[in-house]
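Student: Have a look at this one before I ask anything.
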Amino acid sequence: MTLASPSDFNPPAPPGLQPQGWLRYFSFSLDHKVIGLQYLVTGFIFYFIGGALAGVIRTELASPLSDFIPRQTYNEVLTLHGTVMIFLWIVPVVNGAFGNYLIPFYVGARDMAFPRLNAVAFWLIPPAGLLLISSYFLAGGAAQSGWTAYPPLSITTPALGQVIWILSVLLLGGSSIFGGINFIATILKLRRPGLKLMQLPMYCWAMLGTSILVVLSTPVLAGTLILLSFDILAHTGFFNPALGGNVVVYQHLFWFYSHPAVYIMVLPAFGLVSEILPVHARKPLFGYTTMVYSIMGIVVLGLVVWAHHMFTSGTPPWMRLFFTIATSFIAVPTGIKFFNWLATLWGGKLALNSAMLFSCAFIVNFVFGGITGVALAQVPFDIHVHDTYFVVGHFHYIVYGGTVFVIFASIYHWFPKFTGRMLNEHLGRLHFLLTFVGFNLCFAPQHWLGLNGMPRRVAEYDPSFTTLNQVSSVGALLMGISTLPFVINVIASALSGEPAGDNPWRALTPEWLTSSPPPVENWHGEAPLVQHPYGYGEAAGILDIRAASGQQIWTGDQ
Amino acid sequence: MTSAVPNPISQSARSDAAAAPAAHPQAVGTAPHSTEHESGHADARLFGLGTFLVADAMTFAGFFAAYLTFRAVNPLPEGANFERELLLPTINTVLLLVSSVTFHRAGSALRRGQSALCRTWLLLTVALGATFLAGQMLEYFNLPFGLTDNLFASTFYALTGFHGLHVTLGVICILIVWWQSRAGGRITPTDHFGLEAAELYWHFVDGIWVVLYGILYLL
């Protein structure tokens, strides 16, 4: 690989009154890259908070008795853990952080369609997060009804914490909707002239599908939570059976958002992996068209499977039948994507670096989570393991083994773009090893525990489950330790890592065809027209990146 | 395959800097951006608003689904009263539908360059919207049930109240558009995104009301 050294030139002055240097990361910046990194760092802060809460849960569960924290505190902790991890870590990071950073590059734009709305969407998150965390310290404590906030539990537990929880989730939902609108408009309306939809990098399609889900389903959750707050504050009876209300309607409306929310967390990860694998396997992404259609298939099916969370809520037989079949069908488009990734790797010149290790581990973990997911779609099995640790294990294989592994892969992949410096590969592999072993040690035993009847969300359990719970807690400890090499790596490399050059991976997607870190408006000259973002291994003459970027040019062998 | 296809949006800006794009990349780096943001975005803004209205419609859809399920599944408690009058809401429906026509007239007048006529139509729209809200309040005061009386009553007030909030916001928006379309204001016969956005929103609010009227009053 040879890289033409960047010609010396002064970066353009940021427009208007935007602050420069590190201060812009604390400002109402309109630059999509600054906002993306704001999302990323904020998300990680909440990841550490949510992780500490998980540590409290696993410490409590290391012994069968409730002897570490009071039972009420345990309920608050598990509620905060779920809410923080979903609404303040995964959704903002896979959507907000990487979406904001990458999508304008991928469509050949200089920013998102609505930069101001974008900044507003980000700045809703810190106050919402602080509000949520602070409720723990108020009278009555934080919400105790889990991240699902099912009534009548959420109506009968202390009101203040629950109302603050609702307010916080409404703010975060608003942020998510604003982001979704911005992504849809950017992808559909801001594409560089000449760039067709079917030439976009796969992450654009993933974000388009995700944003459609966000726009269609998040408002339903918002409306539902407003009704729930009426039940708590004004003593209406929408969901209160004592006042003639209907709790099952809450469950339907809640899961109409919260099942698609799983795809909101996972589809962007699918997209990110589709960007990472071709680069490090030096092969085109296999089956681009089927990938696009399977994303859209998941979007459509994802909207009509919500009641599989409610097989024990008195759902009538026809509903069980429909939702079982629809849920099982989701395995088809998802399976297509997995075979496409395997085919992308097949015969490639694999570079097994940290980004690739995390991506491959994602495939392993997610396939396992997917298999238990199809099992859970079957009514008889679901009724057996409903509300047990089997569901907890399944869910974490999807959301941690799936999405969080991809977030780490993405950081190893795009850190050189964010900072212009490489991450340390040895620390990266140590991080991977600890995370992979810790994760599987923590969550694999939970399937067995659930199958044997250990209920979720309870601080105490039958002493016969002790050994496996202790194994699980050791795994959680390893996961906690695994973040140390990562944090050290990120901080040390950002300050004094090996300079990365503009395109250390010799990648062809547009974000690499500019300097690292990129200038304020993304390109020093005209935005490149990248019609073959996965053209690895093709004859050299087909690619003319010189004409594309007009500035830093990759002239390497393929 | 990549090639340098000229970007029509930034054409005007690049003509200024066309002499030396290679020598001074920063000149092309910033210039096309400013033009893109100043002039090229009306479509994306309306599109963004349309996407937001889809989201908003889904909030209503959630409420409608809840109400319909309550009606289908939960029996009205013994002695509970859920009698709604029909005359006032029907008049209100007609008022809102007419207001959509008057707003449309305002837009057409502006596009023809008749700003004064446009502002008259806008004021008429505001009057119709305000009368609708007054009618809604009158109905609230005369209904035989209160917010917490029973499940249907609660849902009724939640739905009509949420819609009333939308109408109130719409009236405020139209007043802002009316103010901005004065001589020397931001809205002119050639540059009238604000008016188009308010009009799209107003038609949306009217459309939601028609569905709401059918579900809450006729069903």
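Student: Over all residues in A:238-248, what is the mean tally of Cβ atoms on other chains that come within 10 Å of each residue's Cβ?
Tutor: Going residue by residue through A:238-248 and averaging, the value is 4.
Student: As I understand it, the value is the acute angle between the Cα axis of helix A:425-451 and the longest principal axis of the Cα atoms of chain A; what does it come to in degrees, rounded to 10?
Tutor: Taking Cα atoms only, the helix is inclined about 30 degrees.
Student: Now for a separate question. Using a simple charge model, +1 on the beta-carbon of Lys and Arg, -1 on the beta-carbon of Asp and Glu, nothing else, what dipole does the protein assembly as shown show about its Cα centre, in debye to the nearest 20?
Tutor: Values: 32 positive and 35 negative charges, 193 e Å.
That gives the protein assembly as shown a dipole magnitude of about 920 debye.
Student: Ok, one more. Counting only other chains, and only Cβ atoms inside 10 Å, what mean value do you get across the residues of A:250-258?
Tutor: The per-residue average across the peptide is 2.
Student: A:TYR150 to A:LYS196: extension gain in nm, 0.36 nm per residue of separation minus the Cα-Cα distance? Don't skip to the answer; put the middle values down first.
Tutor: Details: separation 46, 0.36 × 46 = 16.56 nm, distance 4.46 nm.
Result for the pair: 12.1 nm of gain on full extension.
Student: How many angstrom lie between the C-alpha centres of segment B:98-128 and segment B:147-162?
Tutor: 34 Å
Student: With a sphere of radius 14 Å drawn around the Cβ of A:LEU477, what net charge do the other residues whose Cβ falls strictly inside it have (Lys, Arg +1; Asp, Glu -1)?
Tutor: Numbers: positive: A:ARG58; negative: A:GLU60.
Net charge around A:LEU477: 0.
Student: Given a Förster distance of 30 angstrom, what is the FRET efficiency for A:THR290 paired with B:ASP43, based on the Cβ-Cβ distance and rounded to 0.05?
Tutor: E(calc), rounded to 0.05, equals 0.45.
Student: Given a Förster distance of 22 Å, report the FRET efficiency between A:LEU23 and A:VAL120 from their Cβ-Cβ distance, rounded to the nearest 0.05.
Tutor: Details: r = 19 Å, r/R0 = 0.88.
Once the sixth-power term is evaluated, E becomes 0.70.
Student: While we're on this one: Could you give the angle, 0 to 90 degrees to the nearest 10, between helix A:202-233's Cα long axis and the longest principal axis of the Cα atoms of chain A?
Tutor: The angle comes out near 30 degrees.
Student: Right, here's the next one. Give the angle, between 0 and 90 degrees and rounded to the nearest 10, that separates the Cα long axis of helix A:247-281 from the longest principal axis of the Cα atoms of chain A.
Tutor: Roughly 30 degrees between the two axes.
Student: Which of the listed residues, A:LEU321, A:THR236, A:THR79, is farthest toward the dipole's positive end in segment A:37-549, when Lys, Arg count +1 and Asp, Glu count -1 at the beta-carbon?
Tutor: Toward the positive end, the furthest listed residue is A:LEU321.
Student: Which entries of A:LYS189/A:LYS417; A:LYS33/A:LYS349; A:LYS189/A:LYS283 have Cα-Cα distances beyond 28 Å here? Display every interim value, and only then the final one.
Tutor: Working: A:LYS189/A:LYS417 25 Å; A:LYS33/A:LYS349 31 Å; A:LYS189/A:LYS283 30 Å.
Long pairs (Cα-Cα over 28 Å): A:LYS33/A:LYS349; A:LYS189/A:LYS283.
Student: With Cβ to Cβ distances under 10 Å as the rule, what net charge do the other residues near B:TRP179 carry (K, R +1; D, E -1)? Could the numbers behind the result be given before it?
Tutor: Details: positive: B:ARG119, B:ARG182, B:ARG186; negative: none.
Net local charge, B:TRP179 excluded: +3.
Student: Something else now. With each run of n ≥ 4 DSSP H residues scored as -39500 (n - 2.57), what mean residue ellipticity at 222 nm is computed for chain A after dividing by its residue count and rounding to the nearest 500 deg cm²/dmol? Write out the running numbers ahead of the final one.
Tutor: Values: 18 runs with 336 residues, N = 558.
After summing the helix terms and dividing by residue count, I get -20500 deg cm²/dmol.
Student: Within 10 Å of each candidate Cβ there may be at most 14 other Cβ atoms; applying that plus a DSSP loop requirement, which trypsin sites (Lys or Arg not before Pro) in segment A:281-356 survive?
Tutor: Working: sites: A:ARG282, A:ARG320, A:LYS337, A:LYS349; in loops: A:ARG282, A:LYS349.
Those satisfying the criteria are A:LYS349.
Student: Run the simple label-point estimate for B:LEU97 and A:LEU451 please: 7 Å along Cα→C-beta, distance reported in nm.
Tutor: 6.3 nm
Student: So which trypsin sites (Lys or Arg not before Pro) in segment A:21-104 end up in coil per DSSP with only 10 or fewer other C-beta atoms within 10 Å? Can you show the working numbers first?
Tutor: Working: sites: A:ARG24, A:LYS33, A:ARG58, A:ARG71; in loops: none.
Hits after loop and neighbour filter: nothing returned.
Student: Going by how many other Cβ atoms sit within 10 Å of their own, how do B:GLU139, A:GLU521, B:GLU85, A:GLU76 line up, fewest first?
Tutor: B:GLU85, B:GLU139, A:GLU76, A:GLU521
Student: Something else now. Taking the simple approach of a point 7 Å from Cα along Cα-to-Cβ for both B:LEU76 and A:THR312, what is their distance in nm?
Tutor: It is 3.7 nm.
Student: Can you give me the C-alpha center-to-center distance between segment A:307-334 and segment A:153-212, rounded to a whole angstrom?
Tutor: Each part's Cα centre sits 25 Å from the other's.
Student: Be a star and scan segment A:372-389 for residues whose amide nitrogen sits under 18 Å from the point 7 Å along the Cα-to-Cβ vector of A:LEU342.
Tutor: A:372-375
Student: Just want the ordering: A:LEU529, B:LEU165, A:LEU78, from fewest to most Cβ atoms lying within 10 Å of their own Cβ.
Tutor: B:LEU165, A:LEU529, A:LEU78
Student: Can you give me the long-range amide H partners of A:ARG421? Hydrogens built in the peptide plane at 1.01 Å from N, cutoff under 5 Å, separation of 5 or more residues or another chain.
Tutor: Residues meeting the amide H criterion: A:ALA500.
Student: At 7 Å along Cα-to-Cβ for each site, give me the label-to-label distance between A:ALA351 and A:VAL248 in nm.
Tutor: Output for this residue pair reads 5.6 nm.
Student: Rounded, prolate or oblate, given the Cα gyration tensor of the protein assembly as shown, with a/c below 1.5 counting as rounded?
Tutor: oblate
Student: Fewest first, what order do B:SER115, A:SER496 take by the number of other Cβ atoms within 10 Å? Display every interim value, and only then the final one.
Tutor: Numbers: B:SER115 18, A:SER496 9.
The fewest-first ordering by Cβ neighbours comes to A:SER496, B:SER115.
Student: Please compute, for peptide A:524-532, the average count of beta-carbon atoms on other protein chains lying within 10 Å of each residue's beta-carbon. Display every interim value, and only then the final one.
Tutor: Values: counts 5, 10, 11, 3, 3, 6, 2, 4, 2.
Whole-number average of other-chain Cβ neighbours for A:524-532 is 5.
Laboratory data are not the source of any read-out in this text; all were calculated from the coordinates shown. Fair warning: this is a prediction, and the values are worked out from it, not measured in the lab. A quick note on method: Cβ atoms are made from the backbone with ideal geometry, for glycine too, and the neighbour counts reach across all protein chains shown.
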